[in-house]
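*Asks:* One structure is given below, represented as structure tokens, and several questions about it will come after.
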Amino acid sequence: MTSLTPQKASIALVQTGGTIDKTYDAWGGTLGNTHGVLDQMIDALVLEGIELHRVALLAKDSLDLTEAEVELIVYTTLDLAQSHDGVVLLHGTDRLARTGEQLHAACDGVPASPIVLTGAMRPWILRTSDAQQNLTEALLAVQLLPRGVHVCMHGRVLAFPGVVKDTKQLRFVRCETTEEPDSK
């Protein structure tokens, strides 16, 4: 008798830094992207249906990303979409919308597989962090969404273009104006 083993989804998980991966430096009294916590986050998840391919691309606050680094993120992500069932991009929320717009433009909105950007408004090391929830939701969403570029955080999925960060509500929303999305 043959057993049916479901095929695992091949998901690339790209680290770029951001609040989701910040840790506290007790000597300096600061939060920074000095040594990531992603291993601990992933170890807390049951990922039986996922073959995870981690890519540690950068470890920076998104406010500090150069244009060359954003281009590196965009083209690395699109390249990984060619060889995986989906890509989850961990990104700082301050510039996440800009990178999402650039990803969408670079592939005319139709990458080879779904791309989901996510991050956190509060670092994983804080008890009130949204990091674990957002990572978990993004890993599920990338398996269910059609090809496209999306943001997934706080129980919501939005497709690019036209996504902006609402700094008052600390969440991502559809752009309400006809102006270009905030390029912050």
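The values are calculated or read from the model by the stated rules, or taken from the named source; none is laboratory data. Predicted model only: the values in this text are computed from it and were never measured. As a convention, Cβ positions derive from the backbone with ideal geometry for all residues, glycine included, and neighbour counts pool all protein chains shown.
*Asks:* How many residues does the stretch 75-132 contain that are β-branched (Val, Ile, Thr) and under 23 Å from ASP43 (Cβ atoms)?
*Replies:* 6
*Asks:* Give LEU47, LEU90, LEU72 a once-over and let me know the one that is of a type outside the set (Asp, Glu), surrounded by 13 or more Cβ atoms within 10 Å (Cβ to Cβ) and either closer than 11 Å to ILE115 by Cβ or in contact with a Ser or Thr (Cβ under 8 Å, 6 or more places away or on another chain) (or both).
*Replies:* LEU90
*Asks:* Tell me whether the stretch 117-129 contains one or more residues that are over 20 Å from ASP39 (Cα atoms) and small (Gly, Ala, Ser).
*Replies:* no
*Asks:* Under the condition of being among the β-branched types (Val, Ile, Thr) and either modelled with pLDDT under 95 or in contact with an Asp or Glu (Cβ under 7 Å, 6 or more places away or on another chain) (or both), which residue from the stretch 119-143 is surrounded by the fewest Cβ atoms within 10 Å (Cβ to Cβ)?
*Replies:* Among those that are among the β-branched types (Val, Ile, Thr) and either modelled with pLDDT under 95 or in contact with an Asp or Glu (Cβ under 7 Å, 6 or more places away or on another chain) (or both), it is THR128.
*Asks:* Given ALA141, ALA112, which one is farther than 22 Å from LEU65 by Cα, aliphatic (A, V, I, L, M), in a loop (DSSP other than H, G, I, E, B) and in contact with a His (Cβ under 9 Å, 6 or more places away or on another chain)?
*Replies:* Numbers: ALA141 fails: in a loop (DSSP other than H, G, I, E, B).
Result: ALA112 is the single residue among ALA141, ALA112 that is farther than 22 Å from LEU65 by Cα, aliphatic (A, V, I, L, M), in a loop (DSSP other than H, G, I, E, B) and in contact with a His (Cβ under 9 Å, 6 or more places away or on another chain).
*Asks:* Say we look at the stretch 156-179 and pick out the residues that are closer than 19 Å to GLY86 by Cβ and not aromatic (Phe, Trp, Tyr); which of these is surrounded by the fewest Cβ atoms within 10 Å (Cβ to Cβ)?
*Replies:* Residue satisfying both the conditions and the ranking: ARG156.
*Asks:* Another question about this same structure. For ASP61, state whether it is acidic (Asp, Glu) and at pLDDT below 95.
*Replies:* Here the answer is yes, as ASP61 does meet what is asked.
*Asks:* List, please: which pairs have Cβ atoms under 6 Å, are six or more places apart or on different chains, and start with a residue in the stretch 160-177 that is in contact (Cβ under 8 Å) with a residue 24 or more places away in the chain and assigned to a loop (DSSP other than H, G, I, E, B) and end with one that is surrounded by 15 or more Cβ atoms within 10 Å (Cβ to Cβ) and not acidic (Asp, Glu)?
*Replies:* Close Cβ pairs (under 6 Å, with a partner that is surrounded by 15 or more Cβ atoms within 10 Å (Cβ to Cβ) and not acidic (Asp, Glu)) amount to PHE160/GLY100; PHE160/HIS104; PHE160/VAL149; PRO161/HIS104; LEU170/MET121.
*Asks:* Now, a different point. So the check is Cβ under 7 Å with 6+ separation or different chains; which pairs have a first residue in the stretch 101-127 that's more than 22 Å from LEU144 (Cα to Cα) and a second one that's in a loop (DSSP other than H, G, I, E, B) and not charged (D, E, K, R)?
*Replies:* Taking only residues 6 or more apart or on different chains, the pairs are MET121/THR93; MET121/LEU170; ARG122/THR128; ARG122/SER129; PRO123/SER129; TRP124/VAL37; ILE125/VAL37.
*Asks:* Name the strands (runs of 3 or more DSSP E) wholly inside the stretch 1-40 in which the number of residues that are among the polar types (S, T, N, Q) and at pLDDT 90 or above is 2 or more.
*Replies:* 9-17
*Asks:* Among VAL157, VAL149, which is the only one that is touching a Gly at 6+ places or on another chain (Cβ under 9 Å), hydrophobic (A, V, I, L, M, F, W, C) and over 15 Å from ASP94 (Cα atoms)?
*Replies:* Every option except VAL149 fails the conditions.
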